[in-house]
């Protein structure tokens with residue numbers, strides 16, 4: 001369990017709130033002098049919430065965040081955030097996409113008059129109609145207490161200033177909201193010492209409660225939470241609204257359908273930057289979500305894949321010439337489709353011209369591949385280079401894909417899950433060869449098997465792990481294996497963090513010794 005420090009200017013500033021053993025004054029925090037070898041095992045993973053008032057460059061609060069980061073602790077706000085808040089140009093750079101939201105709020109009547117002051121408490125505010133704006137400002141510049149001033153010029157609203165707010169300047173209503181927001185932002189504040197000792201690490205699972213086809217159903221999410229806590233990991237469910245909380249955790253597990261131009265990718269990058277263990281890593285999302293990339297990668301590395309060609313929007317050659325050597329029916333795919341979306345079965349050249357024209361509106365490249373009719377696709381789950389599960393996903397009734405989106409409701413085929421030892425060796429070999437090209441994360445490899453021929457259709461970075469399907473063979477052990485990989489990686493991070501200063505000290509001693517004259521060389 002990672003310890004927490006709440007740093008305030010004076011203990012009296014915390015008087016309106018519930019007492020917390022995590023509280024420390026700025027003077028006491030700055031007076032801590034930790035030497036290498038004296039630091040408690042958990043000290044380097046401490047989360048520091050800096051609520052000081054003097055956050056300007058070289059002010060007391062500034063030094064709190066600076067020294068916290070120097071000690072390897074996770075501070076909010078970071079020095080980078082404070083530097084950005086000190087310069088209007090940097091604020092504008094961080095918030096260059098906020099203008100459309102302000103225009104939308106103005107159209108709705110949420111912004112009125114000529115000026116407005118909005119106080120943000122961990123990304124929350126007292127005005128429900130401006131909650132989205134408050135959340136976005138906090139996500140871009142995570143600081144516990146902020147005051148945003150908006151003004152209208154020439155009928156356009158703009159952010160005039162964004163500055164840190166002092167804890168003691170909050171009124172009674174804001175104090176209540178602050179306590180609730182802090183509770184949501186960091187549940188550790190209210191935990192008892194007994195609960196604090198139960199868990200060694202904190203893991204966040206990113207979900208979208210309203211997602212129609214989530215990667216894990218509710219029962220699976222509960223199983224992940226149980227498996228994690230059994231191994232000393234406190235597991236919490238978060239949504240995209242909690243992007244500003246990522247620094248609280250030691251690991252991020254994405255259980256929401258990923259995409260590049262999407263908050264899942266941005267949060268993965270943010271988490272990796274904060275030093276968290278991340279599955280799916282940004283690199284995995286980048287490599288797996290684009291079918292054009294996978295097609296080129298598999299072909300270049302000799303992994304068996306369907307025959308196909310890339311169609312370019314600006315290629316003026318006749319389509320008949322570009323698809324020469326391929327026989328209809330074919331399958332036309334947009335690069336970033338998921339769950340059978342953006343995939344069209346092509347029966348003729350005329351249909352290809354029509355569908356390509358439509359899909360080229362959204363993508364400069366399309367992938368056209370041979371159609372391989374099979375009763376089912378293999379889905380081989382791979383984690384950390386090892387086979388995790390093996391399932392057969394059957395085509396939807398009367399349809400050529402696993403998911404049928406043609407009606408008002410999405411239909412899907414059945415499934416069977418098998419012991420990996422019973423799966424044809426060629427299927428397992430192809431799956432492992434494909435995932436080695438991607439990384440060591442959690443993948444679902446879709447494979448078609450027709451007689452002796454085995455081809456990799458795609459590698460998914462965010463494979464389904466649903467209770468009752470993928471866990472049919474391993475049961476609870478499936479979730480424990482996944483949590484076990486997180487645990488091993490978090491422990492490795494802690495070991496590396498401890499060893500790095502020692503290695504640096506050793507290199508320093510060697511460098512000093514090499515510069516010192518040997519006794520033989522002395523006159």
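For the structure I just gave you, tell me whether residue 233 is surrounded by 23 or more Cβ atoms within 10 Å (Cβ to Cβ), modelled with pLDDT of 85 or more and under 10 Å from the mean Cα position of the chain (by Cα). In short, no. Looking at the structure I just gave you, is residue 286 within 14 Å of residue 461 (Cβ to Cβ), part of a helix (DSSP H, G or I) and either in contact (Cβ under 8 Å) with a residue 24 or more places away in the chain or within 13 Å of the chain's Cα centre (by Cα) (or both)? For residue 286, the condition - within 14 Å of residue 461 (Cβ to Cβ), part of a helix (DSSP H, G or I) and either in contact (Cβ under 8 Å) with a residue 24 or more places away in the chain or within 13 Å of the chain's Cα centre (by Cα) (or both) - is met. Filtering region 152-169 to residues that are surrounded by fewer than 16 Cβ atoms within 10 Å (Cβ to Cβ) and in contact with a strand residue (DSSP E or B) (Cβ under 7 Å, 6 or more places away or on another chain) leaves 158, 160, 161, 163.
Looking at the structure I just gave you, is residue 249 in contact with a strand residue (DSSP E or B) (Cβ under 7 Å, 6 or more places away or on another chain) and at pLDDT 95 or above? Break it down into steps so the answer makes sense when it comes.
Numbers: in contact with a strand residue (DSSP E or B) (Cβ under 7 Å, 6 or more places away or on another chain): yes; at pLDDT 95 or above: no.
No: the conditions fail for residue 249.
Residue count for region 117-151 under the criterion of being surrounded by fewer than 18 Cβ atoms within 10 Å (Cβ to Cβ) and in contact with a strand residue (DSSP E or B) (Cβ under 9 Å, 6 or more places away or on another chain): the result is 7.
Could you please find all residues in region 292-315 being in a strand (DSSP E or B) and either touching a helix residue (DSSP H, G or I) at 6+ places or on another chain (Cβ under 7 Å) or without any contact (Cβ under 8 Å) to a residue 24 or more places away in the chain (or both)?
Filtering region 292-315 for residues in a strand (DSSP E or B) gives 308-312.
Scanning region 292-315 gives 308, 309, 310, 311.
Scanning region 26-56 for residues that are at pLDDT 75 or above and either assigned to a loop (DSSP other than H, G, I, E, B) or surrounded by fewer than 17 Cβ atoms within 10 Å (Cβ to Cβ) (or both) yields 27, 28, 30, 31, 32, 46, 51, 52, 53, 54, 55, 56. Among the residues of region 95-102, is there at least one that is under 26 Å from residue 13 (Cα atoms) and either touching a helix residue (DSSP H, G or I) at 6+ places or on another chain (Cβ under 8 Å) or in a helix (DSSP H, G or I) (or both)? There is no residue in region 95-102 that is under 26 Å from residue 13 (Cα atoms) and either touching a helix residue (DSSP H, G or I) at 6+ places or on another chain (Cβ under 8 Å) or in a helix (DSSP H, G or I) (or both).
Among all residues of region 469-479, there is at least one that is out of contact with any strand residue (DSSP E or B) (no Cβ under 9 Å at 6 or more places or on another chain), modelled with pLDDT of 95 or more and buried (at least 19 other Cβ atoms within 10 Å of the Cβ). Remark: pairs (first residue in region 221-233, in contact (Cβ under 8 Å) with a residue 12 or more places away in the chain and in the same structural domain as residue 252 (by TED's automatic domain parsing); second residue buried (at least 21 other Cβ atoms within 10 Å of the Cβ) and in a loop (DSSP other than H, G, I, E, B); Cβ separation under 7 Å; 6+ apart in sequence or on different chains) = 221/255.
Condition check for residue 504 on (1) at pLDDT 90 or above; (2) out of contact with any strand residue (DSSP E or B) (no Cβ under 6 Å at 6 or more places or on another chain); (3) assigned to a helix (DSSP H, G or I): one failure, at (1). In this entry, residue 337 passes the filter for residues that are modelled with pLDDT under 85, under 24 Å from residue 259 (Cα atoms) and within 31 Å of the chain's Cα centre (by Cα). Would region 437-451 turn up any residue that is at pLDDT below 95 and at positive phi? Yes - at least one qualifying residue is present in region 437-451.
Residues in region 417-443 that are buried (at least 17 other Cβ atoms within 10 Å of the Cβ) and in a strand (DSSP E or B) were compared, and the one that is farthest from the chain's Cα centre (by Cα) is 417. Looking at region 57-70 only, could you name the residues that are surrounded by 19 or more Cβ atoms within 10 Å (Cβ to Cβ) and modelled with pLDDT under 80? Residues satisfying the conditions do not exist here. One residue stands out in region 247-274 among those that are part of a helix (DSSP H, G or I) and either over 9 Å from the mean Cα position of the chain (by Cα) or not assigned by TED's automatic domain parsing to the domain that holds residue 218 (or both): the one that is farthest from residue 134 (Cα to Cα), namely 273. Pairs are defined by a Cβ separation below 9 Å, a sequence spacing of at least 6 or placement on different chains, a first member in region 486-498 that is within 15 Å of residue 46 (Cα to Cα), and a second member that is in a helix (DSSP H, G or I); the pairs so defined are 493/45; 494/44; 494/45; 497/44; 497/45; 498/44.
Just to be sure I understand, how many residues within region 376-401 are at negative phi and either modelled with pLDDT of 85 or more or touching a helix residue (DSSP H, G or I) at 6+ places or on another chain (Cβ under 6 Å) (or both)?
Going residue by residue through region 376-401, those that are at negative phi are 376-383, 386-397, 399-401.
Within this subset, residues satisfying the condition of being either modelled with pLDDT of 85 or more or touching a helix residue (DSSP H, G or I) at 6+ places or on another chain (Cβ under 6 Å) (or both) are 376-383, 386-394.
Residues that pass the stated criteria total 17.
Only one of the listed residues (465, 454) is surrounded by 19 or more Cβ atoms within 10 Å (Cβ to Cβ) and in a loop (DSSP other than H, G, I, E, B). That residue is 465.
The values are calculated or read from the model by the stated rules, or taken from the named source; none is laboratory data. This one's a predicted model, so the numbers in the text were calculated from it and none came from an experiment. Quick reminder, even Gly has a Cβ in these numbers, built from the backbone with ideal geometry, and neighbours come from all protein chains shown.
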